[in-house]
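Beneath this line is the structure, given in structure tokens, with notes to follow.
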Amino acid sequence: MKFSTRIMIVDDEEMICESLQAWFVKDGYQVETALSGEAALKLVEDFPADIYLVDIKMPGMDGIEFLSRLKEHQPNAAVVMMTAHGTVQTAVDAMKRGATDYFCKPFDPDELSLFMERLLANKALREENIALKELLSEHHDGFFDVFIAHSNPMRAIFARIEEVAPSSAPILITGETGVGKDMVAKAIHFRSDRSCGPFLAVNCGSLSESLLESELFGHERGAFTGAIKARRGRLEMAHNGTLFLDEVGEISPKMQVSLLRALEEKSLLRLGGSQPIASDFRLISATHRDLPSLIKENQCRDDFYYRINVITIDVPPLRERLDDIPVLADHFLRRYNEETGKSLGGFTQKALDLLASYHWPGNIRELRNVVERAVVIARGRMIGVEELTFVNPRADAGSMGSMTLREYEINQIKATLESCNGNILRASKRLGIDRSTLMRKMKRYQLGRC
Amino acid sequence: MTRDRPGRSEESHIDIVPIGWVDALAVSVVAANLQTLIGLNAAALPSHPDPEYAYLPLRSQYAAGEIIKVLESIDDGARFKLGIVQCDLCTPILKFVFGESQLGGKAAVISLHRLRDKDSARTYLRAAKIGLHETGHLLGIGHCRIPDCLMAFVSSIEKLDGLPSRFCTACKYEISRSLNHIFGRT
């Protein structure tokens, strides 16, 4: 934690600044000093510290005024007031105004050591608290959706998460859009030793190359037009935590080189910076693209691929785990019942059959949206076929329409065999029937393997 | 190898400078430990006068930083200077220090004042540990988070006594890399 902790010392006595700086630098902190409150406020732009050690009595802006001004910009910063003997009351007043603590100069070496340990423990607690609050808020954003599952493929995924979470090895999560790759990444983070550290996610597909570079590596003040103040990048902020790169297949080969270096050296350079910054983070990447084929097209470097792909987790699409659809649909129904104040009892059997027959190109996300829409428009006690509307209906499997049951069954078997490349065993599993039953039906309907 | 003869310090890597009256045996033990655990040739220079220039009447102590400045100004001799004093040292922020040094710098100082014990062997061992710690700082090594490494921050005499006389693997590697960089060793 020390490497990522920034300390600013604000004291008009140069000797105090130098002495404290020397001590903290030896202890592995990043330290800057300022000889006045005014100078410190200017420095905050370039060096937003985690902990400020501020002398109360200074000419011009005193420590109390600095504290008030700083809190406008950095309400969560820890500000520790320093005082000489005899001004303890002022320090206590400062604590009432939001200072974290105070100490009298000079101090006992043992006190300083314990004091810093306490501050760091508080910082860790604060960060853990923020992370837990985020997790709680994500409960409603679908954090647990991916874990509502009974199917064997998902049970295997849960076991894999438990298995790989404790290590620090990079993980690549693959799977179609909407299967919950980001939730799997979060689950790994919260089950790892880094769970007290930050979990930072970056969607690499949503940013231009230059913006992504600045987002990941941060920049120094003046590094480019518009860089009016220094900014920490996600790689730096993810120290002791997890960095989740979604849509990693969208990263340019040039940026892959920089990332590879940061991963191997566990340090990085901000844009326009010359000082390497140590950062120990775990990388979890996700993609819906086929990275090996991107390597063949020279859009992905093979060294980068092998570095991020130490462990692979492939999240299956919803259509390959039909067992999970009823439980997931029920889970969403309960959620949206609660949100809309309705009390729908469930799905009709026909509605469940329709949900199971749909091909779910948008996976869990699409199922959630379908159920949400159904809950909003439902008038009766149960959700029926008429309330279910799909964004991407598929003629052969999406809806029964005016088909007979026989036609519907033929279409369903054909579609499943096609998606399984004619593999009868896999198709029978997906259809939820025995291999022999499927073969009998294929014979009866005169269906080939594809 | 410890050499007490003056005028030979140009061959050494670190000069040990007794400032005021200092127990000669303590100087020898510190030098021997620097040689053994870090591999630095240490030479003991003749004593410097008492550091009256560093005395702080308000605290009845001596400013470690002022002594370091004087040691740093010595041009001849070895690249590094390690001062040893009997008096009590402090810094502007700490009530006392066992030693003080410049991180990656040229000079450091240690005090025997708070290391004294009725068993003189224990006093010398404590002095050696502090000398090794401060010399580690001169080689650019910061405080170590491993509690039983000599580069760990030690804030009390009890903790110092509990510390074994060895560096952790990582600090040992850093020291060796630093020596290689400074003295071109292989």
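Points worth noting:
- In the full protein context, chain B carries 45 Å² of accessible surface per residue, based on a 1.4 Å probe and ignoring ligands, DNA and RNA.
- Taking every protein chain into account, the accessible area of segment A:1-51 amounts to 36 square angstrom per residue (probe 1.4 Å).
- Each principal axis of segment A:134-292 carries a Cα extent, and these read 53, 30, 30 Å when sorted largest first.
- For chain A, the longest principal axis of the Cα atoms and the long axis of helix A:363-377 meet at an angle of about 80 degrees.
- For chain B: rounded, prolate or oblate by the Cα gyration tensor [a/c cutoff 1.5]: rounded
- With the highest mean first, a sort of the peptides B:21-27, A:214-220 on other beta-carbon atoms found within 10 angstrom per residue produces A:214-220, B:21-27.
- Pair B:D148, A:K229: separation of 7 Å Cα→Cβ label points (nm): 4.7 nm
- FRET E, pair A:R155, A:T404, Förster distance 45 Å, beta-carbon r, rounded to 0.05: 0.75
- Peptides A:192-203, A:411-422 ranked from most to least packed give A:192-203, A:411-422, packing being the mean of other C-beta atoms within 10 angstrom over each peptide's residues.
- Anchor A:K443: lysines whose Cα lies under 16 Å away (excluding residues fewer than 8 positions away in-chain): A:K414
- Taking a straight line from the alpha carbon of A:K96, these lysines sit under 24 Å away, with near neighbours fewer than eight places off in the same chain left out: A:K57, A:K71, A:K105, A:K123.
- Residue mean of other protein chain beta carbons inside 10 Å, B:136-149: 2
- Taking a straight line from the alpha carbon of A:K266, these lysines sit under 21 Å away, with near neighbours fewer than eight places off in the same chain left out: A:K2, A:K26, A:K254, B:K172.
- Value in Å of the Kirkwood radius, where segment A:296-350 supplies the Cα pairs that are averaged: 15.2 Å
- Descending Cα extents along the principal axes, segment A:72-120, whole Å: 32, 27, 13
- Placing dummy labels 7 Å off each Cα toward the beta-carbon, the span from A:Q299 to B:D75 is 6.7 nm.
- Apportionment of accessible area to carbon and sulfur, chain A, percent (1.4 Å): 51 percent
- Residues in segment B:85-105 that, when all protein chains are in place, have 10 Å² or more less accessible area than the chain alone would give (probe 1.4 Å): B:P92, B:I93, B:L94, B:K95, B:F96, B:E100, B:S101, B:L103
- Counting heavy atoms of the protein chains alone, A:R365 has an accessible area of about 110 Å² for a 1.4 Å probe.
- The separation of segment A:39-59 from segment A:293-336, counted between C-alpha centres, amounts to 46 Å.
- The convex hull of the Cα atoms of the protein assembly as shown, projected and averaged over all directions, covers 38.1 nm².
- Area hidden from solvent between A and B (accessible, protein heavy atoms only, 1.4 Å, total, Å²): 1800 Å²
- Cut-off 17 Å, label 7 Å out along Cα→Cβ of A:E265, residues of segment A:271-298 by amide N: A:271-281
The values are calculated or read from the model by the stated rules, or taken from the named source; none is laboratory data. Note that this is a predicted model, so its numbers are computed, not measured. With ideal geometry, Cβ positions are generated from the backbone for all residues, glycine too; neighbour counts draw on all protein chains shown. We work out accessible area using only protein heavy atoms, side chains counted, and drop any ligands, DNA or RNA first. Shrake-Rupley method; radii C 1.70, N 1.55, O 1.52, S 1.80 Å.
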